[in-house]
Amino acid sequence: QVQLMESGGGLVQAGGSLRLSCAASGSIFSINTMGWYRQSPGKQRELVATITSGGNPNYADPAKGRFTISRDNAKKTVSLQMNGLKPEDTAVYYCQSRMVTFTRLYEDDYWGQGTQVIVSS
């Protein structure tokens, strides 16, 4: 059984900051890319940022300059520091991890349950 557990969402005023964290656990053989996606009501899930196992980040345009993604390979965690939050950042944020597990023995995408971020104006 593999699990991605997110934490750190909440309510914040515009201009404020939040830090999201996600920990992978279970029968994991290896982890490739980890990342964060978000989904607002009525919209499709969209990329926020990803980071490779070597630490190379990739940001969607709305996140550039405001969000910072990081990971700890030893702890199997990925974090997203969000600064300068705007009301349009309001969404459910999902942790994603591309992993090989001992049960599946092939690479696949796994998702957390999501954490709500609300930015008030």
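What to note about this one:
- Residue match in the stretch 7-14 (condition: under 30 Å from residue 105 (Cβ atoms) and either under 15 Å from the mean Cα position of the chain (by Cα) or of a type in the set (Gly, Ala, Ser) (or both)): yes
- Residue 69 fulfils the conditions (1) in contact (Cβ under 8 Å) with a residue 24 or more places away in the chain; (2) out of contact with any Leu (no Cβ under 7 Å at 6 or more places or on another chain); (3) among the aliphatic types (A, V, I, L, M) except for a single criterion, (2).
- Of the residues 92, 119, 100, the single one that is more than 16 Å from the chain's Cα centre (by Cα), closer than 18 Å to residue 11 by Cβ and not hydroxyl-bearing (Ser, Thr, Tyr) is 119.
- Candidate set from the stretch 22-54 (those that are more than 17 Å from residue 118 (Cα to Cα) and in a loop (DSSP other than H, G, I, E, B)); member that is nearest to the chain's Cα centre (by Cα): 52
- Flag if residue 19 is more than 23 Å from residue 121 (Cα to Cα) and either open to solvent by 30 Å² or more (accessible area, probe 1.4 Å) or assigned to a loop (DSSP other than H, G, I, E, B) (or both): no
Residue-by-condition table, conditions (1) within 24 Å of residue 120 (Cα to Cα); (2) modelled with pLDDT under 95:
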| site | (1), (2) |
| --- | --- |
| 61 | yes, no |
| 71 | no, no |
| 89 | yes, no |
| 94 | yes, no |
| 98 | no, no |
| 103 | no, yes |
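- Test for residue 24: is it in contact with a helix residue (DSSP H, G or I) (Cβ under 6 Å, 6 or more places away or on another chain), at pLDDT 95 or above and either open to solvent by less than 30 Å² (accessible area, probe 1.4 Å) or of a type in the set (D, E, K, R) (or both): no
- Any pair with Cβ under 7 angstrom, 6 or more apart, that starts in the stretch 12-34 at a residue that is over 18 Å from residue 95 (Cβ atoms) and ends at one that is of a type in the set (D, E, K, R) and open to solvent by 50 Å² or more (accessible area, probe 1.4 Å): 14/86
The values are calculated or read from the model by the stated rules, or taken from the named source; none is laboratory data. Everything quoted here is computed from the prediction, not taken from an experiment. Note that each Cβ is placed from the backbone with ideal geometry, even for glycine, and that neighbours are counted across all protein chains shown. SASA here: full protein model, heavy atoms, side chains in, ligands and nucleic acids out. Shrake-Rupley method; radii C 1.70, N 1.55, O 1.52, S 1.80 Å.
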